[in-house]
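Trainee: Just dropping this structure here.
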Amino acid sequence: MARIVMKFGGTSMAGIERIRSVAARVKREVAAGNQVAVVVSAMAGETDRLVGFCREASSLYDPKEYDVVVSAGEQITSGLLAIALQAAGVPARSWLGWQLPIATSDAHASARIENIDMAALDASLAAGEVAVIPGFQGVDADGRVTTLGRGGSDTSAVAMAAAMKADRCDIYTDVDGVYTTDPRIVPRARKLKKVTYEEMLELASVGAKVLQTRSVGLAMKEGVRVQVLSSFTGEDAPMADTLPGTMIVGEEEIDDMESQLITGIAHDKNEAKITLIAVPDKPGAVAAIFAPLAAANINVDMIIQNIAHAARSTDVTFTVPAADLARSIEVLNQGRGEIGFGELVHDTRVAKISVVGVGMRSHAGVASTMFSTLGERGINIQAISTSEIKVSVLIEEDYTELAVRVLHTAYGLDAEDAA
């Protein structure tokens, strides 16, 4: 008997017929003799609708009450799925975050899971019940409902799998796995059978939308084997344990890792570039720029400091999430006197292109291939950042799709049998 966590996203839960389809898939796992916990998201679009209500009620809403409102979507789908399972002859009950409980920090709208009490859930699973758990929600030390931030149901599922010591955490989405790049841009993109935690973490952080970054980091920390697969397959589709999707696993499960140079290419258009012109070239100047941004919880990615001008000043360029651009400009202008920059220039028509692969550790020339390939197509590189298994560049947004296509080919990632 295996313990399985099955997580279904908003598109999988978008309406009663789809919920019945999810119930049928869960029933198959139960019939195979597995103990099953299911984590569900709200119906597609429901969380946005609830957020809109909060903003309409007050632009300065209380985050605690915001969490009460936006967590309602998952409460509805967990109850509906339990009803559908019972109607299909499968013993099931829903467990809200406060009922287990799923203990979190008190950072409302972005809480972090601290502990999951498994006593009641273990007894329920042992009795043959399917546990249906709303993702995205928990409870703080004061008994207030909390939410984990957008995409938090993925994190809920991985945390539940870790607490249950599950054999596998299956994340059902509207895609059938992790690809070498976005197949809408590159039809010859290949679906990957296995990806390491580190690679998936990098891909998620640089634009791949398959899994929430926090969920991948938690899976790596806890050693949870995560599988990404599609919920939109017929009832005659293979069982999940025949590995129809992509497994996210530790490096020890990847065969012949050194021969796999690049795993995937990601792109992200949700970037904004800021350049501060004529920053004084003196100790502490850079700290004066980035300390207030950090205090405002604004993540800075790529950073370039130019060679000092004759007037002992320099230009500093960096990127922030596009959604944080206005706030970043406000923070920097407030600190203009201390920073001492002459002018602030920003640009939102940029995109970040990243190549990711654990093979970079043992192969030279990855960055060179990237730079020369883009240069041959006349694509100018505006900024660069690297890690041990990733190289990212900032380019003009209009060249995004061309860059992804030519790099996918340059690294030999095209599928040979694709049309």
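Trainee: Within segment 324-361, how many residues are under 28 Å from the mean Cα position of the chain (by Cα), open to solvent by 80 Å² or more (accessible area, probe 1.4 Å) and either free of Cβ contacts under 8 Å to residues at least 24 places away in the same chain or within 16 Å of residue 397 (Cβ to Cβ) (or both)?
Mentor: 3
Trainee: I've got another one for you. Answer yes if at least one residue in segment 337-357 is part of a helix (DSSP H, G or I) and in contact with a Pro (Cβ under 9 Å, 6 or more places away or on another chain), and no otherwise. Walk me through it before giving the result.
Mentor: Pass one, segment 337-357, residues part of a helix (DSSP H, G or I): 337-339.
Pick out the ones that are also in contact with a Pro (Cβ under 9 Å, 6 or more places away or on another chain) and you get 338-339.
Yes, the conditions are met somewhere in segment 337-357.
Trainee: Of all the residues that make up segment 82-103, how many are among the small types (Gly, Ala, Ser), surrounded by fewer than 21 Cβ atoms within 10 Å (Cβ to Cβ) and either in contact with a strand residue (DSSP E or B) (Cβ under 9 Å, 6 or more places away or on another chain) or modelled with pLDDT under 95 (or both)?
Mentor: Matching residues across segment 82-103 total 1.
Trainee: Name the pairs: first residue in segment 239-258 and more than 18 Å from residue 190 (Cα to Cα), second residue part of a helix (DSSP H, G or I) and modelled with pLDDT under 75, Cβ to Cβ under 9 Å, at least 6 apart or on different chains?
Mentor: 251/257
Trainee: Still on this model: Here is a check on your reading of the model: is residue 298 farther than 30 Å from residue 411 by Cβ and buried (at least 20 other Cβ atoms within 10 Å of the Cβ)? It would help to see each step written out before you state the result.
Mentor: Values: farther than 30 Å from residue 411 by Cβ: yes; buried (at least 20 other Cβ atoms within 10 Å of the Cβ): no.
Considered against the rule, which asks whether it is farther than 30 Å from residue 411 by Cβ and buried (at least 20 other Cβ atoms within 10 Å of the Cβ), residue 298 comes out as no.
Trainee: If we scan segment 378-393, do we find a residue that is of a type in the set (D, E, K, R) and part of a helix (DSSP H, G or I)? If you could, list the steps in order and put the result at the bottom.
Mentor: Quick first cut of segment 378-393, residues of a type in the set (D, E, K, R) only: 388, 390.
Filter once more, keeping what is part of a helix (DSSP H, G or I): none.
The answer is no; no qualifying residue exists.
Trainee: Cβ contacts < 7 Å: first residue under 16 Å from residue 150 (Cα atoms), restricted to segment 211-232; second residue assigned to a strand (DSSP E or B) and at pLDDT 90 or above, any location; separation 6+ or different chain. Result?
Mentor: 211/171; 211/228; 216/248
Trainee: Next question, about the same structure. Pick from 39, 69: which is among the aliphatic types (A, V, I, L, M) and touching a residue at least 24 places away in the same chain (Cβ under 8 Å)? Give the derivation first.
Mentor: Values: 69 fails: touching a residue at least 24 places away in the same chain (Cβ under 8 Å).
Answer to the check: 39.
Trainee: Out of 106, 154, 122, I need the residue that is within 24 Å of residue 225 (Cβ to Cβ) and either open to solvent by 50 Å² or more (accessible area, probe 1.4 Å) or outside any helix (DSSP H, G or I) (or both). Which one?
Mentor: 122
Trainee: Report whether or not residue 140 is at pLDDT 95 or above, open to solvent by less than 60 Å² (accessible area, probe 1.4 Å), under 25 Å from residue 163 (Cβ atoms) and of a type in the set (D, E, K, R). Working first, answer last.
Mentor: On the way: at pLDDT 95 or above: yes; open to solvent by less than 60 Å² (accessible area, probe 1.4 Å): yes; under 25 Å from residue 163 (Cβ atoms): yes; of a type in the set (D, E, K, R): yes.
In short, yes.
Trainee: Then there's this: Of the conditions (1) under 19 Å from residue 225 (Cβ atoms); (2) outside any strand (DSSP E or B), residue 170 satisfies every one except a single condition; which number is it?
Mentor: It fails just one condition, (2).
The values are calculated or read from the model by the stated rules, or taken from the named source; none is laboratory data. The model shown is predicted, which means the values in this text are computed figures rather than measured ones. Glycine gets a Cβ as well: all are built from the backbone with ideal geometry, and neighbour counts include every protein chain shown. Note: accessible area is taken over every heavy atom of the protein model, side chains too, but ligands, DNA and RNA are not part of it. Shrake-Rupley method; radii C 1.70, N 1.55, O 1.52, S 1.80 Å.
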